[in-house]
Structures are given as C-alpha cells and as structure tokens.
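The values are calculated or read from the model by the stated rules, or taken from the named source; none is laboratory data. Treat the numbers as computed from the prediction; the structure is a model and nothing was measured. When we count neighbours, we look across all protein chains shown, and the Cβ atoms used for this are built from the backbone with ideal geometry, even at glycine.
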Amino acid sequence: MRSRTFRAVLFDLDGTLIDSAPDLGAAADQMRTERGMLSLPLAQYRPMAGAGARGMLGVAFNISPESPDFAALREEFFVKYETRMLTHTVVFDGVAQLLEALRLRGLLWGLVTNKSKRFTEPLTRHMPLFDTAGAIVSGDTTPFAKPHPEPLFEAARRLGVDPALCVYVGDDERDMVAGRAAGMATVAANYGYIGADADVTRWEADAVIEAPIDLLKLLEQA
C-alpha cells in the first residue's frame, strides 16, 4: 500500500468480517426443499453468498433479477433469512484479534455493507463484535450502494476522518471499485466469498490478504 498514516479501517461485512454463508444458503435451500426439490450442499451456495439474495436465488433456482418471478422469490428469501440469520453465522477467525489490535493502535474502524438495514441493524446489535464500531453504514443508509463511493464517504464522515486516511477491506471487486473512487487504500480479502471465476489479482486492489490478521502486517508497512 502507498505509504501514508492511516487513521481508520472500514470493512465489508459478509465474507470479510463474518461468515454468514451457512444461514444465507440455508434460507434459499429451504425454499427449494419446500417445493419438493433436492437440497443442495453449502459448497454450492458459499461462493455466491456475497451477492445476497441475487446470488442465493441464482444458485437455488437458476434465476436472475430480470425474471418476473424474482421479486416475489426475493421477499420470500428475505423472510426466511430474517428468521435464522444468527443461527450459524460466525465471526471469521482472527477478526476479533484484529479489531482489538486496531483499537490498541488508536485506529478507528467501521462497517460499510450493501446489506440493508433490515438485516444489518439486528445482526450487529446482537453480535458483541460490533460494539466498538464507530460507523455502521448499510446498503440503504445513503441513496447509493457500492460500487458507488457515497457509502464509504458517509462512514468516513461519521468517523470524522478524511477518506484519504482510510483503508477499505472487502471480498468483492465492487468493494475495490468503491474504495478507489472514495480515494481510500483498498485491500482484497481473499479468504472471503470469492467466486470460482473471480481473479483477485485483476481487482486492482492495493494489497491482498489471505487471513484477517494479515492486515496488521500491511498497516505496519504503510
């Protein structure tokens, strides 16, 4: 990463801080089995978990948002996910230690996700990990969602930090696009929900990490 003194680190949520694939996949798979279809293994859902309803319904029913049936299926999926979104969702190994290390270094941290407040607010409220977050920005907090930079600008405003002094960490190419547009340093989380056809090296991230704790080494070098 370019040498500069960073003051804050912003993170994507699903696939970066938490592993929510088991609950996302289970919600979509329940829709399949209730229709008499065979259950699919989590391994098929996991790579698409970062795409939310679009990804889960695409795996479960081979359907795209352009389909006339998509809206109804999406709301059904939302209802099922809402009832179970904390059942098997866990924090990735090393994330708690990473956030504590950031605190000890005097760095602020926040969350910028495309997940809507309908899910982000109860999830973060019930997971102690987020008690120290200085900003939580959902996909519908601003009029825009990533890859637009406005959600990142909003998080920086809430933290009171110049965007140029922030790092954004995510596991999707749109995270890198949004981060660059906001003038932030970008870090690709290669341990997240990276699709089989994705090539992280083509995302033009400033750095790539293979585990959450690897971010500390990058910050030491910056």
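Data table
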{"quantity": "Within the stretch 146-181, tally of residues that are assigned to a loop (DSSP other than H, G, I, E, B), crowded, with 20+ Cβ neighbours inside 10 Å and either in the same structural domain as ALA49 (by TED's automatic domain parsing) or within 13 Å of the chain's Cα centre (by Cα) (or both)", "calculated": "3"}
{"quantity": "Number of positions in the stretch 103-126 that are touching a residue at least 12 places away in the same chain (Cβ under 8 Å) and over 17 Å from LEU216 (Cβ atoms)", "calculated": "16"}
{"quantity": "Filtered residue count, the stretch 122-145, keeping only those that are part of a loop (DSSP other than H, G, I, E, B) and buried (at least 19 other Cβ atoms within 10 Å of the Cβ)", "calculated": "5"}
{"quantity": "Every residue from the stretch 36-89 that is on the phi > 0 side of the Ramachandran plot and surrounded by 15 or more Cβ atoms within 10 Å (Cβ to Cβ)", "calculated": "GLY52"}
{"quantity": "Any hit, the stretch 26-38, residues being free of Cβ contacts under 8 Å to residues at least 12 places away in the same chain and either in the same structural domain as CYS166 (by TED's automatic domain parsing) or not in a loop (DSSP other than H, G, I, E, B) (or both)", "calculated": "yes"}
{"quantity": "Only listed residue being among the charged types (D, E, K, R) and either more than 14 Å from the chain's Cα centre (by Cα) or part of a loop (DSSP other than H, G, I, E, B) (or both), chosen from ARG46, ARG74", "calculated": "ARG74"}
{"quantity": "Qualifying residue in the stretch 113-121 (condition: in contact with a Ser or Thr (Cβ under 6 Å, 6 or more places away or on another chain), part of a strand (DSSP E or B) and in the same structural domain as ASP14 (by TED's automatic domain parsing))", "calculated": "no"}
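Rundown of residues vs (1) more than 20 Å from PRO47 (Cβ to Cβ); (2) modelled with pLDDT under 95; (3) buried (at least 18 other Cβ atoms within 10 Å of the Cβ), yes/no style:
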{"position": "GLY183", "(1), (2), (3)": "yes, no, no"}
{"position": "ILE194", "(1), (2), (3)": "no, yes, yes"}
{"position": "VAL208", "(1), (2), (3)": "no, no, no"}
{"position": "GLU220", "(1), (2), (3)": "yes, yes, no"}
